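Report on one structure; see the data block that follows.
The values are calculated or read from the model by the stated rules, or taken from the named source; none is laboratory data. Worth saying up front: this structure is predicted, and the values here are computed from it rather than measured. Neighbour counts are summed over all protein chains in view; Cβ atoms, including those assigned to glycine, are modelled from backbone coordinates with ideal geometry. Each accessible area value is taken on the protein alone, full model and side chains, heavy atoms only, with ligands, DNA and RNA left out. Shrake-Rupley method; radii C 1.70, N 1.55, O 1.52, S 1.80 Å.
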Amino acid sequence: MKSHVQVAVVGGGVVGCSVLYHLTKAGWRDVVLIERDELTSGSTWHAAVGMHTINLDPNVAKLQQYTITLYKEIEAISGQSCGVHITGGLMLAGTEDRLDWLRQAHARGRYLGIETQFVSIDEAARLFPLMEKKYFVGALYDPIEGHVDPAGVTNAYAKAARIQGAEVYRFTRVTELAQRRDGGWDVVTDKGTIRAEHVVNAGGLWAREVGRMVGLELPVLAMQHQYLITEEIPEVKASAKEMLHVIDFEGEIYMRQEGKGMLLGTYERAGVPWSEHETPWDFTHELLPPDLDRIAPSLEVAFRHYPALERAGIKKVINGPFTFAPDGNPVIGPVRSRPNYWVACGVMAGFSQGGGVGLALSNWMVDGDPGFDIWAMDVARFGDWATPAYTNAKVRENYSRRFQIRFPNEELPAARPLRTSPVYDRLKQRGAVFGASFGLEHALWFAPSAEAASEDITFRRSNAHGPVGEECRAVRNAVGLMEISTYSKYEVTGPGAEAWLSRLLTNRVPATGRIVLAPMLNANGKLIGDFTVAKLADERFYLFGSGIAEDYHMRWFETHLPNSGVTIRSLRSKLTGFSIAGPRSRELLRRLVAADVSNEAFAFLSFRAMDLCMVPAVVGRMTFTGDLGFEIWVTADHQRALYDLLVEAGRDLGLRHFGARALHSLRLEKNFGTWAREFRPIYGPFEAGLSRFVDFRKSDFIGREAALKEKEVGPKRRLVSFVVDAAEADCIGDEPVWYDGKVVGWITSGGFCHHVGRSLALGYIPAELTAAENFELEILGERRRATLTPRPVFDPDGKRMRG
Ligand SMILES: Cc1cc2nc3c(=O)[nH]c(=O)nc-3n(C[C@H](O)[C@H](O)[C@H](O)COP(=O)(O)OP(=O)(O)OC[C@H]3O[C@@H](n4cnc5c(N)ncnc54)[C@H](O)[C@@H]3O)c2cc1C
């Protein structure tokens with residue numbers, strides 16, 4: 001065993017071995033993998049090993065596609081067969097809603113180069129003769145689905161890695177991890193200690209335990225999962241070709257051929273977690289007792305939909321555990337406040353996702369950037385509010401809904417409400433329909449009464465359409481009130497604060513009492529944040545950004561903090577806020593403050609402390625609605641008093657509450673982009689239309705060189721806005737953009753814009769097409785005409801905002 005290494009990967013399941021392989025592929029040779037038993041001895045060995053590309057997050061789908069294509073490569077290097085069977089797969093829809101879902105998945109695949117194909121029910125039955133046609137209304141065919149051999153794949157990764165310089169220590173258990181003063185780790189094992197510059201937690205079923213070794217409670221939990229293998233089925237035996245993989249959503253089952261029978265698995269509604277609190281270390285190559293009663297409802301459907309299965313006996317039932325994160329996506333990346341500690345866990349589909357996870361993580365370690373848009377998998381998407389009990393509730397929910405439709409306007413109920421602001425109950429009484437963002441409840445829209453506060457889930461316009469329209473009109477014609485406590489807020493103080501912010505952000509730092517908008521770039525010149533920066537006093541700044549990215553940004557801030565002179569703290573629950581917006585918002589504010597808030601005294605992008613009656617606040621002259629407006633921030637203990645003041649003073653001004661849905665509609669009218677949609681770490685500031693916030697007069701900021709290059713070469717693609725000829729469904733994001741018979745781009749957000757009475761969408765297209773005409777956007781399987789609108793359809797000169 002080596003005594004010093006660059007990387008120690010803990011865990012020899014399919015994920016750890018993939019990470020090891022990809023590190024060697026990237027050129028790192030001094031890397032080892034430590035496995036407590038044989039390779040595959042966690043959840044890997046008993047997987048059903050199906051693989052598929054479809055995932056509702058297109059970025060995860062892309063990595064799944066990569067994984068499937070990788071098997072040839074590792075077979076060639078290692079000489080080890082992965083046992084790849086590419087059979088093709090069918091996804092069967094039993095309802096019109098499910099067909100819409102498939103249309104959406106099919107369309108999303110297009111711009112990623114994932115070619116799926118709708119087939120008729122007759123054709124589906126020809127491809128998969130076991131099915132009973134009458135239960136289905138549509139079928140999507142994916143030519144590159146299939147399955148592999150779990151031990152073959154895992155060993156092929158490990159062998160290929162060894163050939164490229166890595167070492168693998170089996171039957172060696174990591175018992176302790178201790179951070180060294182030099183930032184590295186002492187990896188203590190039962191066979192001795194290794195000093196490692198980096199540690200990767202690929203502990204799978206034991207990822208929580210390997211997290212606890214460094215004081216972390218990772219949001220992963222194992223669920224029991226059952227599949228069965230039938231005896232021989234005559235139709236299967238007689239078939240010249242291997243049976244296709246099949247997902248039957250209504251039956252919540254997946255199937256593939258195994259021997260001359262079928263393998264049938266199901267994600268049952270009443271899923272059962274395994275080892276809720278601690279995973280036993282002596283669990284090795286073991287299975288759990290089967291419980292057929294639990295999966296009986298799915299089996300009944302399966303027997304109806306595929307009668308040949310009922311006639312066949314059951315040869316074997318497998319019940320094994322594997323881990324999930326609260327949203328079902330992997331949990332990867334560097335961990336905040338744990339230098340050089342990386343995670344690659346919560347991978348619930350290791351044979352579809354393991355390759356992509358290994359590639360992204362190794363890119364991140366070697367180049368400082370995952371190289372893909374992995375936001376949906378980043379460990380930083382969960383904050384410290386994701387406790388084990390939260391994870392438990394959400395993982396159960398996710399598991400039980402694995403094959404259910406997630407509608408675009410659907411808010412899942414488990415583990416809620418968790419975080420609430422002081423005005424939560426007041427908003428609820430007003431009819432607020434809530435969503436959760438980074439665990440915090442926030443109003444999406446307001447129903448006419450508390451009793452009517454629920455939304456029909458649909459791919460089309462819902463019962464929220466009318467009320468959201470009213471909210472938008474109130475903002476544009478009078479004044480709207482919205483709680484904005486979901487934004488992230490940071491306070492940056494100290495003698496070095498100004499210089500530090502200047503180096504981190506692309507824009508100049510504002511003068512005292514002023515606000516600037518400032519993107520943040522990584523060294524590759526890609527967007528990793530967009531902030532509102534306000535200077536309250538010397539050495540005291542506020543930053544406002546996307547609430548869901550708080551841990552993501554704090555990880556970056558803390559990594560780049562100097563040893564002294566700058567302090568940054570998140571004001572997450574301490575500072576709460578409201579936005580008041582619309583032509584009468586100034587009048588509303590004026591009624592509550594002694595300060596002069598006229599345009600002359602408190603111009604657009606001003607920021608100042610002021611009292612609203614008895615409530616001390618800081619107020620910024622800005623809103624994301626694109627209208628005249630103010631953001632008012634107070635400590636949480638003042639929020640209810642402030643709320644009552646605003647509601648009372650706004651009564652005769654036509655004040656109306658508005659929520660996140662209306663804000664979305666209003667910002668689209670202004671072509672305003674937002675984090676995680678238009679702004680993500682795969683876009684440069686010139687592509688994203690943020691170049692006016694990049695100040696090249698500053699000689700030094702992170703990403704300057706790359707951004708300058710983007711400017712000189714010119715952006716390859718551009719963020720644009722479309723007016724869409726939509727019917728009763730609008731774009732929601734990830735729809736393909738068609739031009740001249742080809743898919744040339746994708747939509748990042750869309751929706752109906754009530755003030756202008758049009759359906760709008762934002763998205764990226766190649767830079768050379770920004771003057772083109774005759775685009776089409778594919779919404780639920782139909783191509784809809786779309787026209788570029790280079791200037792915002794509402795107030796293109798920004799007179800309302802500035803007025
Ligand atoms: C019944 C069933 C069916 C499945 N079907 C599919 C499927 O069809 N398709 C698909 O893609 N996926 C499927 N899966 C899921 C798949 O198995 C997992 O995604 C995959 O195994 C995750 O791999 P991993 O490497 O993250 O974890 P694991 O396989 O659990 O590996 C973790 C490894 O880390 C080692 N380890 C942990 N702690 C330490 C330590 N302190 N020191 C040393 N070593 C340590 C363990 O011994 C273990 O070998 C299925 C799983 C089950 C149970």
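Things worth noting here:
- Breaking point among (1) away from the ligand (no atom under 12 Å from the Cβ); (2) surrounded by fewer than 22 Cβ atoms within 10 Å (Cβ to Cβ), for residue 21: (2)
- Segments classed as strands (runs of 3 or more DSSP E), wholly inside segment 212-269, with at least 3 members that are under 17 Å from residue 129 (Cβ atoms): 245-248, 253-258, 261-266
- Selection of first residues in segment 223-237 that are within 16 Å of the ligand (Cβ to nearest atom) and of second residues that are aromatic (Phe, Trp, Tyr) and outside any helix (DSSP H, G or I), restricted to Cβ pairs under 8 Å at least 6 apart or on distinct chains, gives the following pairs, ordered by first then second residue: 223/274; 223/322; 223/324; 224/274; 225/267; 225/322.
- Residue 438 vs. criteria touching a helix residue (DSSP H, G or I) at 6+ places or on another chain (Cβ under 9 Å) and surrounded by 22 or more Cβ atoms within 10 Å (Cβ to Cβ): no
- Residue list for segment 304-338, filter: surrounded by fewer than 17 Cβ atoms within 10 Å (Cβ to Cβ) and either within 16 Å of the ligand (Cβ to nearest atom) or of a type outside the set (Asp, Glu) (or both): 304, 307, 311, 313, 314, 315, 316, 317, 337
- For segment 188-203, the set of residues classified as within 9 Å of the ligand (Cβ to nearest atom), crowded, with 21+ Cβ neighbours inside 10 Å and assigned to a strand (DSSP E or B) consists of 201 only.
- Residues in segment 154-175 that are of a type in the set (Ser, Thr, Tyr) and either open to solvent by less than 10 Å² (accessible area, probe 1.4 Å) or part of a helix (DSSP H, G or I) (or both): 154, 157, 172.
- Residue match in segment 424-435 (condition: farther than 25 Å from residue 641 by Cβ, open to solvent by less than 20 Å² (accessible area, probe 1.4 Å), part of a helix (DSSP H, G or I) and in contact with a strand residue (DSSP E or B) (Cβ under 7 Å, 6 or more places away or on another chain)): no
- Out of 546, 598, 564, one residue alone is modelled with pLDDT of 95 or more, open to solvent by 10 Å² or more (accessible area, probe 1.4 Å) and within 30 Å of the chain's Cα centre (by Cα). It is 546.
- Qualifying positions in segment 346-369 - assigned to a loop (DSSP other than H, G, I, E, B), touching a residue at least 40 places away in the same chain (Cβ under 8 Å) and open to solvent by 10 Å² or more (accessible area, probe 1.4 Å): 347, 349, 368, 369
- Qualifying residue in segment 594-611 (condition: of a type outside the set (A, V, I, L, M), assigned to a helix (DSSP H, G or I) and in contact (Cβ under 8 Å) with a residue 60 or more places away in the chain): no
- Residue that is farthest from residue 733 (Cα to Cα) [pool: residues in segment 126-151 that are more than 16 Å from the ligand (Cβ to nearest atom) and open to solvent by less than 20 Å² (accessible area, probe 1.4 Å)]: 130
- Among (1) over 13 Å from residue 5 (Cα atoms); (2) within 13 Å of the ligand (Cβ to nearest atom), the one test that residue 183 misses: (2)
- All positions within segment 517-537 that are surrounded by fewer than 20 Cβ atoms within 10 Å (Cβ to Cβ) and either among the β-branched types (Val, Ile, Thr) or part of a strand (DSSP E or B) (or both): 517, 536, 537
- Scanning segment 270-287 for residues that are part of a strand (DSSP E or B) and out of contact with any helix residue (DSSP H, G or I) (no Cβ under 8 Å at 6 or more places or on another chain) turns up just one, 274.
- Annotation note: of 648, 631, 669, 678, the sole residue that is under 14 Å from residue 753 (Cα atoms) and acidic (Asp, Glu) is 669.
- Residue in segment 726-736 that is under 26 Å from residue 58 (Cβ atoms) and in a strand (DSSP E or B) present: yes
- The residue list 692, 651, 717 contains one member that is without any contact (Cβ under 8 Å) to a residue 12 or more places away in the chain and either aromatic (Phe, Trp, Tyr) or farther than 30 Å from residue 463 by Cα (or both), which is 692.
- All of 641, 706, 662 fail the test of being buried (at least 24 other Cβ atoms within 10 Å of the Cβ) and part of a helix (DSSP H, G or I), apart from 662.
- For residue 776, the conditions (1) in a loop (DSSP other than H, G, I, E, B); (2) acidic (Asp, Glu); (3) closer than 22 Å to residue 113 by Cα are fulfilled apart from (1).
- Here segment 33-59 is the region considered, the condition is being among the hydrophobic types (A, V, I, L, M, F, W, C) and at pLDDT below 95, and the residue that is farthest from the ligand (Cβ to nearest atom) is 56.
- Test for residue 381: is it open to solvent by 10 Å² or more (accessible area, probe 1.4 Å) and under 27 Å from residue 414 (Cα atoms): yes
Rundown of residues vs (1) of a type outside the set (A, V, I, L, M, F, W, C); (2) surrounded by fewer than 20 Cβ atoms within 10 Å (Cβ to Cβ); (3) modelled with pLDDT of 95 or more, yes/no style:
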position	(1), (2), (3)
245	yes, no, yes
256	yes, no, yes
267	yes, no, no
272	no, yes, yes
277	yes, yes, yes
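- Residue 30, sole failed condition from (1) within 27 Å of the chain's Cα centre (by Cα); (2) more than 7 Å from the ligand (Cβ to nearest atom): (1)
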